[in-house]
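Enquirer: Before anything else, here's the structure in question.
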Amino acid sequence: MENKEQDRNDIPLSEEEIKILKASVNAEKVDRSKLPHYDNSDRAKLWRYIKKNKVFATICAVLALCVAVTLILCVVFAVRKAMDGENKDDFTVILGDDRYTAKYKDVMRDGVLYVDMRKIADYTGLTVSGSKTSVKFTYDDDNYLRFENGNDSAVINGSMVELGGVAVVNEKICEVPYDFLTKAVGDGLRFTLDRETNTIKIMRRMYTTDDKDVFIPKEIHFYTDSFTVLMGIAQNTNDMEYEYSIDVSAFMSSIDPKDQNAYLLLANKQNPVGADYAPTDLKVLECNTKGKRISLRYDAAIALEAMMMEMISDGITDTFVTSAYRSYSYQVGLFEGYIEDHMAEGMTREEAEAAALEYSARPGTSEHQTGLCLDFMTEDMSDLDESFENTAAFRWLSDNAYKYGFILRYPSNKVDTTGYKYEPWHYRFVGRTAATEIYNSGLCLEEYLTLN
Ligand SMILES: [Zn+2]
């Protein structure tokens, strides 16, 4: 309707209408109702103006649109800024002579400021090792940091401490809380954070000798002083005095082998050694095995023979080794035997397998395949069971096995971590240093290995 009226406003008056109009100017009595309605409001005037000036109207429309879009963008920007927190500015990270920008959302998560440890390691020359999701930064043997992807704790020189955030570790980055680093680095690096300009500055600390122009970077030290240690390896094994009641000098190179890591192989349900693993340095045991032909890897065998000599010298003569190295094929035979027994009882193969797994390791997952562990028994025992805990042999082993490089592998308080029930009879060779650290710390092998 409105359009029609407006259109009408544009139609030129007919001759008759002009006559009426002219007459109306002269005579008051003429009936004006016959004239077309003429809208004289501001709005109608504007419309008529716009119709006459199309270019001007288009410019106005475009300008109006621009203003509207700008307003909308401002609102969106303000809302996002409010959601991101008060300070949305990116960070400048200065690492020595290097400088890079880190996006606010990348370095600020849940109110914690993160820095990339891989970049810091590049700058400081730390050695980087580990896997994709677990990375270790080493300055020297006594100074290392270790981070695991998704973990809220970190390891400083064998001690697990709270990280104060969650580490993000992959092949490219290792993001750790800035505050953690400032507390963990005791010397060697200087950290400064300018909250006004969001600038993180990390510099090597230098010292100068008599020759004042020569600046030498300080050694880097990591320490746990300002943290609560959640779990840790005692660090003083180097100064430990070991007492033996026999002369062990001839066996010492096996008891305390040079290559510490050679005997730290982890074999459990999550880390099977696999069908192909077989040690190449097996030695048939010359200690009491009740006449059975039983083998261990060379150093483990020598250390065990020495240990059993001392047990006998200390009056424990009823203890013998009942099992040690088991090959993969032997495990398969054993496991299949258990399954066949259960199937003979009427179980399906699946049920029989499940039943066998309750007391036997799946072939390839048994630590016995490493040639580094053994099971003890005494004359009084008819089976391998917890009664070994009540023997003099067990009490002696609890106090002395570490001196020969052996650990109780499946302690009663670590069932959840090892995945095995308490086995007081099962001992594992790891070498004297690791055995002492494990003995002193009360950790199990799985925990010990995560701290190294
Ligand atoms: Zn065993």
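Enquirer: I'd like to check something: does region 12-26 contain any residue that is more than 25 Å from Leu163 (Cα to Cα), modelled with pLDDT under 80 and part of a loop (DSSP other than H, G, I, E, B)?
Expert: Yes.
Enquirer: Let me ask you something else. For region 325-347, what are the residues that are part of a loop (DSSP other than H, G, I, E, B) and either in the same structural domain as Glu286 (by TED's automatic domain parsing) or within 35 Å of the chain's Cα centre (by Cα) (or both)?
Expert: Within region 325-347, Tyr325, Arg326, Ser327 qualify.
Enquirer: Being open to solvent by 50 Å² or more (accessible area, probe 1.4 Å), within 15 Å of the ligand (Cβ to nearest atom) and in the same structural domain as Met309 (by TED's automatic domain parsing) narrows it down to one residue among Leu384, Leu397; which is it?
Expert: Leu384
Enquirer: How many of the residues in region 399-432 are touching a Pro at 6+ places or on another chain (Cβ under 9 Å), part of a helix (DSSP H, G or I) and within 23 Å of Glu241 (Cα to Cα)?
Expert: 1
Enquirer: What about Thr280, is it in a loop (DSSP other than H, G, I, E, B) and in contact with a strand residue (DSSP E or B) (Cβ under 8 Å, 6 or more places away or on another chain)?
Expert: no
Enquirer: Just to check your reading of the model, which residue among Thr365, Thr370 is in contact (Cβ under 8 Å) with a residue 60 or more places away in the chain and within 12 Å of the ligand (Cβ to nearest atom)?
Expert: Just one listed residue meets the conditions, Thr370.
Enquirer: Got a number for residues in region 237-276 being in a helix (DSSP H, G or I) and of a type in the set (S, T, N, Q)?
Expert: Matching residues across region 237-276 total 7.
Enquirer: List pairs: first in region 348-362 and in a helix (DSSP H, G or I), second surrounded by 14 or more Cβ atoms within 10 Å (Cβ to Cβ) and aromatic (Phe, Trp, Tyr), Cβ under 6 Å, 6+ apart or cross-chain?
Expert: Hits for this filter: Ala356/Tyr338.
Enquirer: Criterion first (more than 19 Å from Phe320 (Cα to Cα), open to solvent by 30 Å² or more (accessible area, probe 1.4 Å) and more than 16 Å from the ligand (Cβ to nearest atom)) does Tyr439 satisfy it?
Expert: yes
Enquirer: Please enumerate the residues belonging to region 146-173 that are of a type in the set (Gly, Ala, Ser), open to solvent by 20 Å² or more (accessible area, probe 1.4 Å) and either touching a residue at least 40 places away in the same chain (Cβ under 8 Å) or in contact with a helix residue (DSSP H, G or I) (Cβ under 7 Å, 6 or more places away or on another chain) (or both).
Expert: Within region 146-173, Gly164 is the sole residue that qualifies.
The values are calculated or read from the model by the stated rules, or taken from the named source; none is laboratory data. It should be emphasised that the depicted structure is a prediction, and the values quoted were computed from it without experimental measurement. A quick note on method: Cβ atoms are made from the backbone with ideal geometry, for glycine too, and the neighbour counts reach across all protein chains shown. Only protein heavy atoms, including side chains, enter the accessible area calculation; ligands, DNA and RNA are left aside. Shrake-Rupley method; radii C 1.70, N 1.55, O 1.52, S 1.80 Å.
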